[in-house]
1. Can you give the FRET efficiency for I104 and D18, using 1/(1 + (r/R0)^6), R0 = 22 Å, r = Cβ-Cβ distance, to the nearest 0.05?
2. Quote to one decimal, in nm, the extra length available between S33 and V91 on full extension: 0.36 nm per residue of separation minus the C-alpha distance between them.
3. Give the accessible area for T172 in Å² (nearest 10); use a 1.4 Å probe, count only protein heavy atoms, and leave out ligands, DNA and RNA.
4. Counting only heavy atoms of protein chains, what accessible area per residue, in Å², does segment 59-198 have with a probe of 1.4 Å?
5. Which net charge results when you count Lys and Arg as +1 and Asp and Glu as -1 among the other residues whose beta-carbon is under 15 Å from that of S119?
6. Students sometimes get this wrong: rank Y112, Y143 by accessible area, probe 1.4 Å, all chains present, largest first.
7. Rounded, prolate or oblate, given the Cα gyration tensor of the chain, with a/c below 1.5 counting as rounded?
8. Ignoring any ligand, DNA or RNA, what whole percent of the accessible area of the chain comes from carbon and sulfur when the probe is 1.4 angstrom?
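The values are calculated or read from the model by the stated rules, or taken from the named source; none is laboratory data. It should be emphasised that the depicted structure is a prediction, and the values quoted were computed from it without experimental measurement. In this analysis, Cβ positions are derived from the backbone assuming ideal geometry, glycine residues included, and neighbour counts consider all displayed protein chains. The accessibility values were calculated without ligands, DNA or RNA, using every heavy atom of the protein model including side chains. Shrake-Rupley method; radii C 1.70, N 1.55, O 1.52, S 1.80 Å.
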Amino acid sequence: QFLEEGEKNTEEVLQFLDVSLNTLNQWISDINSLISPSYIIKEQQDISLHFSKQESFNSSIAAIAKSSLEYLLLEEIFFRKYFSYLELADVLFVSESTLRRLIIELNKKLFYFDISIQSRPLRIIGNEKNIRIIFITIFKEKYGVSAPPFNEEDIKIIEHFYQLGCRLTNRTITLQDKYNFTLFSLVALVREMNGYNKKEITNEKTILNCFV
C-alpha cells in the first residue's frame with residue numbers, strides 16, 4: 001500500500017518498514033513471486049510497483065492475502081471449531097510448534113485491538129466490534145466484496161434483505177452498497193451464530209449502519 005502512492009526512495013521505504021536492506025530485498029523477491037506478472041522493482045535509490053495490463057493493486061493484494069498463513073489461520077478459526085492445536089495444524093499443513101509460534105506472534109499484533117486467540121476450543125475473543133471489522137477487512141482483501149467466502153444461499157438471503165430494506169426506506173439500490181451490506185451482515189451473522197452477540201460490542205453505534 002505504501003508503494004501504491006508512487007515511486008519511493010529506498011531509504012524512505014527502509015525507515016517506514018524499519019528493516020534492513022537485505023530483509024527488504026528478500027521481501028521484494030517473495031512478493032514478486034506472488035504478484036507476477038506484476039512486480040516491484042528496485043533501481044539505484046528508488047523502488048516502484050508496476051502492474052501488468054491484466055492486474056491491479058487490489059488483485060496483487062488478494063494474491064498476497066491468499067498466500068498468508070496468518071490470514072488462513074484466522075479464517076479457519078472464524079468458520080470452524082478446533083479443539084486442539086494439532087487438529088488445526090493438520091488442516092494448515094504445518095507442525096504444531098509452528099502453529100503455536102504463529103499464534104503467539106498474532107496475539108502480539110491483536111493485543112493492540114483488544115483481541116486475542118484463545119484455546120479449548122481455538123477461538124477469537126475480545127472487542128467484538130474490532131473482531132468484526134478485522135474479518136471484514138481480511139475477506140475484502142482476500143476475496144473482494146463481490147465474492148465473499150460464505151454459503152451461496154446465505155448470500156442470496158442477505159442480498160434479498162438488502163433490497164427489501166432499500167424499498168422500505170426509499171434508498172437507491174447500488175451494487176457497491178449491496179456488496180458491502182452483504183459482507184458486513186454475513187460476518188456479523190457467523191459471529192452471532194457462534195455465540196458472540198452484539199451486546200459484546202462496546203460501541204453501540206455499529207458498523208452496520210446501512211439504513212439509518
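1. The pair I104/D18 has a calculated efficiency of 0.60.
2. Answer, rounded to one decimal: 18.5 nm.
3. Approximately 110 Å² for this residue.
4. On a per-residue basis, 56 Å².
5. +3
6. Descending accessible area places them as Y112, Y143.
7. Judged from the Cα gyration tensor, the chain comes out oblate (a/c at least 1.5, b/c at or above a/b).
8. About 52 percent, which is the carbon plus sulfur part of the accessible surface.
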